[in-house]
Amino acid sequence: MLIKLKHLVVVALLLATVFPAVAHSQKLRVATLYIGSTMLPLWIARDEGYFARQGLDVELVWLQSTLSTVALIAAEVELIYGTPQETLLAMTAKNASPLITVGAFETKSKHWLVVSPQIKSLKDLADKTLATSRPKAADEGYAKIILRRAGIDPSRVIFLSAGGQRDRMSALKAGSVQGSVFNTYNSLILEEMGFKRLAQLETPDFPFPPATFTARKETASAKRDMLKGFFLAMVEGVKRQTQDRELSLKLLKKYMRMQNPEILDIAYQESLIAQYPYMTKEQFNSSLDILEASTGVRPSITFEGFIDHTLLKETQLQQIKQ
């Protein structure tokens, strides 16, 4: 009996050594607004055990657009990751829940208005149909901003809800719409099929808003150490992403179901982080411009009222100490 007890103690000690984070892990639920290459640092941090080393059990939940914000407000998730327009819109609601953005990741991703071969210029889009993911979505704002730059009144264009980028690609190929806005690797796929990249959203004066991490203010205060651990793991994920192209391509194949080597390489290049984890005022202003173009609403929210960088600064100090 004594021998068996000793064996059990040895096994318990071994398990505690091999799986230290699992025994004391804290659950952290992160809702993502989309599935795209910009999620690569998240996938790396989870699959390579960086979150676990911080004592976190991170669950990624895909919830499109408004659903993610609803889940955040209802405390079903601790963080949402995606375009900042949904957060800004939620903050304009009457009796809005106190939300705060705690970090942002800017990638090298670009966005293009892709059109049918018969469309020769932006002016040809008058009285034509463009696909959007849903009514008043951010991608509708992208298209309207591109049209206005060319002096075209967006009210002369028909906007049709068709779903995510893959669904919009199907609508374009079927001829039910004449164009939509896509990221670079989906634009390349369409271009190889004979479609045309007509105009780019990003300009030197118009930086694309980064993907943001937003929490309830209550969570940012009560679970501060947990969120610090999350960002420490994300920084590790970004470093690995930059240094390990083979792993990155493997995860893109796995989660995005991509096989074409050229498209995979474009997706990887787009996923690389250009700036993190801070958001700039210029990016915040672009977010407001997109929200106004898509919904007609421009909230009177200040940069300081939208984002709080203090948690990141504390995380950086902790990283230096480590």
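What follows draws every value from the coordinates through simple rules; no lab data is involved. Values in this document were obtained by computation on a predicted structure and should not be read as measured data. Please note: Cβ atoms are built from the backbone with ideal geometry, for glycine as well, and neighbour counts cover all protein chains shown.
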Report summary line: Dividing the alpha-carbon radius of gyration of segment 54-121 by 2.2 N^0.38 Å, where N counts its residues, gives 1.52
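Can you tally the net charge around residue 129? Count Lys and Arg as +1, Asp and Glu as -1, for every other residue whose Cβ sits under 12 Å from the Cβ of residue 129.
On the way: positive: 128, 156, 168; negative: 127.
Charge balance near residue 129 sits at +2.
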Query raised in the report: Which entries in the list 196/253; 108/313; 173/254; 144/254; 123/196; 108/250 go over 22 Å, if you measure between the two C-alpha atoms of each?
Result: 196/253; 108/313; 173/254; 144/254
Query raised in the report: Taking R0 as 56 Å, what's the FRET efficiency between residue 253 and residue 222 from their Cβ-Cβ distance, rounded to 0.05?
Result: 0.90
Query - GNM flexibility winner over the chain from 258, 169, 226 (Cα, springs under 10 Å) - result: 258
Report summary line: Under 5 Å from the placed amide H of residue 199, counting only residues 5+ away or on other chains, we find 113
Requested in this report: Rounded to the nearest 500, what is the 222 nm mean residue ellipticity of the chain from helices alone, with -39500 (n - 2.57) per DSSP H run of 4+ residues and division by all residues?
Outcome: -14500 deg cm²/dmol
**Report entry** Distance histogram for segment 194-233 (every C-alpha pair counted, 5 angstrom bins, percent rounded to whole numbers)
**Finding:** 5, 16, 16, 12, 9, 9, 12, 9, 7, 4, 1
Query raised in the report: So what are the ³J(HN,Hα) numbers for segment 179-196, from phi and the Karplus equation (6.51, -1.76, 1.60; θ = phi - 60°), rounded to whole Hz, Gly and Pro as x?
Result: x, 5, 9, 10, 6, 5, 6, 6, 5, 5, 4, 5, 4, 5, 8, x, 7, 10
Requested in this report: Compute the length gained on full extension between residue 74 and residue 160: take 0.36 nm times their separation in residues and subtract their Cα-Cα distance, giving the result in nm to one decimal.
Outcome: 27.9 nm
Requested in this report: Please give the per residue volume of the convex hull enclosing the alpha carbon atoms of the chain, rounded to a whole number of Å³.
Outcome: 160 Å³
Requested in this report: Just grab the label-to-label distance for residue 245 and residue 25, each label 7 Å out from Cα along the Cβ direction, in nm (one decimal).
Outcome: 3.2 nm
Requested in this report: Could I get the Rg over Rh figure for segment 111-200? Both from C-alpha atoms, Rh via Kirkwood, rounded to two places.
Outcome: 0.91
Report task. Could I have the simple spin-label model distance between residue 170 and residue 95, label points 7 Å from Cα toward Cβ, reported in nm to one decimal? Result -> 4.0 nm
Query raised in the report: By its C-alpha gyration tensor, with a ≥ b ≥ c as the square roots of the eigenvalues, how is segment 201-273 shaped: rounded for a/c under 1.5, else prolate for a/b larger than b/c, else oblate?
Result: oblate
Query raised in the report: Can you tell which of 307, 189, 145 shows the greatest fluctuation in a Gaussian network model of the chain with Cα springs below 10 Å?
Result: 189
Query - Relative contact order, percent, the chain [alpha-carbon distance under 8 Å, six or more residues apart] - result: 27 percent
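Considering only the other residues whose Cβ falls under 13 Å of the Cβ of residue 70, what net charge follows from Lys and Arg at +1 and Asp and Glu at -1?
-1
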Query raised in the report: Where is the GNM fluctuation largest for the chain (alpha-carbon springs, 10 angstrom cutoff): 31, 199, 45?
Result: 199
Report summary line: Taking the alpha-carbon centre of each part, the distance from segment 214-283 to segment 160-202 in Å is 25 Å
**Report entry** Within the chain, longest stretch free of exposed GluC sites (Glu not before Pro) [DSSP loop, at most 15 other beta carbons within 10 Å]
**Finding:** 77-201
